[in-house]
Amino acid sequence: MIAFVRGQVAGVTLTSAVLEVGGVGLELMCTPGTLAGLRTGHSATLATSMVVREDSLTLFGFADEDEKSIFELVQTASGVGPKVAQAMVAVLSPDDVRRAIGSDDVKTLTRVPGIGQKGAQRIILELKDRIGPPTGAVSAPAAAGAEPWRDQVHQGLVGLGWSAKDAEKAVDAVAPDAGAVPDVATLLRAALRTLSKA
């Protein structure tokens, strides 16, 4: 299996990035938080997980190994596929996932698009003994800019299936929390939280 990919970022879309490795462009499906830290023309290293289906080979890219391990672990719960697993690491940090499962926090898990009450309870039941305690690791902060974060968070929300209008409202709601050095991944999670409450 492909454990990681290192190369020049050839392109970034709403849901994926293309990294050029040895003259070959590899498309990696990534969370908005991971994509926000990539710049076209710059080199990047992403931890990867390959999902093999009868009709496709899909490579998922992650900012770090911790995100990748949570993505792979939650898929071992019945009813959780790669799309839901990716949404989970987009909405919650790896430690948030560990805390939610470890403390039977159904409410936190249901903030993830595609996970309902029953699905959250099943994930907790099946993974509680295997998830481990929070590690205290801090996710790599996304690249910061003056206002580009607004665009990145907006695009990320639209990429996850929210309407442009809802995404705009959520961006406005989290704008006061942006601070001097906006962390796009954190702001995106906050925006997703405001949307799931609505």
Inset, instruction - Rank by packing, highest mean first: peptides 109-119, 65-75, 37-47, with packing defined as the count of other Cβ atoms within 10 Å averaged across residues. - result: 65-75, 109-119, 37-47
Legend entry - Calculated from backbone phi, Karplus (6.51, -1.76, 1.60) coupling profile of region 166-174 in Hz, x at Gly/Pro: 4, 4, 4, 4, 5, 4, 4, 5, 8
Inset, instruction - Per DSSP H run of at least 4 residues, take -39500 (n - 2.57); add these up for the chain, divide by its residues and hand me the 222 nm value, nearest 500 deg cm²/dmol. - result: -12500 deg cm²/dmol
Legend entry - Accessible surface of the chain [probe 1.4 Å, protein heavy atoms]: carbon and sulfur percent: 54
Legend entry - Contact order relative to length of the chain, as percent, for alpha carbon pairs under 8 angstrom and 6 or more apart: 19
Legend entry - Solvent-accessible heavy-atom area per residue, rounded to whole Å², over the chain at 1.4 Å: 50
Legend entry - Under the Karplus curve 6.51 cos²θ - 1.76 cosθ + 1.60, θ = phi - 60°, whole-Hz ³J(HN,Hα) for region 98-107, x wherever Gly or Pro sits: 4, 5, 4, 6, x, 10, 6, 8, 4, 4
Legend entry - Gain in span if fully extended, Ala173 to Lys107, counting 0.36 nm per residue against the direct Cα distance: 21.7 nm
Legend entry - Share, in percent, of DSSP beta bridges within region 1-110 that are antiparallel, nearest 5: 90
Inset, instruction - Hey, can you grab everything whose amide H is under 5 Å from the amide H of Ala77? Only 5+ residues off in sequence or another chain; H modelled, so Pro and N-termini drop out. - result: none
Inset, instruction - Could you order peptides 183-196, 51-64 by the average number of other Cβ atoms within 10 Å of their residues, highest first? - result: 183-196, 51-64
Legend entry - Expected-Rg normalisation [2.2 N^0.38 Å, Cα atoms] applied to the chain: 0.99
Legend entry - Residue-by-residue Karplus 3J(HN,Hα) for region 182-191, coefficients 6.51, -1.76, 1.60, Hz, glycine and proline x: x, 9, 4, 4, 5, 5, 5, 4, 5, 5
Inset, instruction - Please list, or write none, the lysines whose alpha carbon is within less than 17 Å of the alpha carbon of Lys83, excluding same-chain residues fewer than 8 places away. - result: Lys68
Legend entry - Extension gain from Met50 to Ser163, taking 0.36 nm per residue of separation minus the Cα-Cα distance: 37.8 nm
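The values are calculated or read from the model by the stated rules, or taken from the named source; none is laboratory data. All values derive from a computational prediction rather than experimental measurement. So basically every Cβ, Gly included, is an ideal-geometry build from the backbone, and we count neighbours across all protein chains shown. Accessible surface areas use protein heavy atoms only, side chains included; no ligands, DNA or RNA. Shrake-Rupley method; radii C 1.70, N 1.55, O 1.52, S 1.80 Å.
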